[in-house]
Amino acid sequence: NQQNQQEQQYETTRKQSTTSNREDGDESEDDEEEKLCRSAMELLKVTSDHITKEVMARKSVFAHSNKSIDDLGFVLAKDIAEIYSNKGISRISEESKLEKEWRSVIKELGSITLAIDGSLPTKAKEMLVNGIPFCLRREIWFEISSANIRHEPNVYSNLLNTNSKTSSNSLENIENDLKTGASRQHPFNDEEYTSRVRRVLYAFSFFEPDIGYLRCFSHIARHLLKVMTEEEAFWIIVSLHESRMSSYFSRACVGVQTDCIVVQALLAEQIPELDQHFSAIGFSLTPILSKWFLCLFADCFPAESVYKIWDFVFYFGKDVLPKLAISIFKSFSSLLLKTKSVDECVKTIFTQSARLYDVSTIIKVNKNKNHKN
């Protein structure tokens, strides 16, 4: 009953808000680097050529980098590098167990395919809460995001070939973002990888000229390309824009503005002491929430956590994001209540976000079996 009341309150708040809104790391030891490298190689057992290249590049970086890096190649915060390394064996064990569970469900169902009404089989839907193993994300993300339905053969390559000499403000903005380093924290910012990101962003700007380019697309594309091909990443962004995140990925970003208001309302209801504290020190959540929501948490949290959130969001859509945000604030509210200024509050959020390597509990708390976007 309490959960139902919270869901009803959430929907009421969302409707009200929509109406009102319309108008660098320490040097790693050789053995630790080798251990992390082995973890990465075991974790990323996939057959795609581009992923194989990524793994080999990752192996090279582990051998020469003076920074601690996670399994997906992202630089770790200094104070959690050792903790992350020590959890290597348990993470691989959990990944292996999860893969077996998913393969069992896939074998039973025949495939992970959306029904005509856009719903998933109950067993598959329940599994999303536990996350998707890395080796199966490419296939499952493409299905649950509806990208497989939206996909049209040869469209991606034709967009790039027929617009090769096109120039626009969107393309200039893309180039500026690529140069200024939308992924400074990423060690694989080489020419080949950047070219892949560029092609995905260019193709979308040609496909949707009215939107062109939003900076969040760069963050999202970089993460997608760690899992899948350029064409698949392109169609996932298209599908999110047209369905799951349509009110987010627009020039006005009405959905983002609305959900920032929703979070403020939920914060006042569920964590009133934190809401009052933010008001007392003059802190506004809007700038941080806007980036979280627009980028779907990409480059805001550790990559592993981002991907687990996407396992959930790619199917359930944007409606789960405000609830996830509230649960995230709850997870370190005691630290936020100790802050005495806006700067200190922002620093605390950034620091704790960088440490958020386990979002499983947060996602499970926000599971809503009866809601489908």
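Bear in mind these aren't lab numbers, they're just calculated from the coordinates by the rules spelled out. Everything numeric here is computed off the predicted structure, so don't read it as measured data. So basically every Cβ, Gly included, is an ideal-geometry build from the backbone, and we count neighbours across all protein chains shown.
One table, with the values for the structure above:
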| read-out | value |
| --- | --- |
| Stretch gain in nm, segment residue 122-residue 254, where the contour uses 0.36 nm per residue and the Cα spacing is subtracted | 44.4 nm |
| Loop-located trypsin sites (Lys or Arg not before Pro) in the stretch 231-318 whose Cβ has at most 14 other Cβ within 10 Å (DSSP) | 251 |
| Computed label-point distance, nm, for sites residue 270 and residue 97 using a 7 Å Cα→Cβ extension | 2.6 nm |
| Extension reserve of the residue 191-residue 246 stretch, reckoned as 0.36 nm per residue once the Cα distance is removed | 16.7 nm |
| Relative packing of peptides 127-134, 146-153 - highest average C-beta neighbours within 10 Å first | 127-134, 146-153 |
| Per-pair calculated FRET efficiency, R0 = 56 Å: residue 335 and residue 158 via Cβ, rounded to 0.05 | 0.65 |
| Computed FRET value (nearest 0.05) for residue 352 with residue 172, which takes r as the C-beta separation and R₀ as 45 Å | 0.80 |
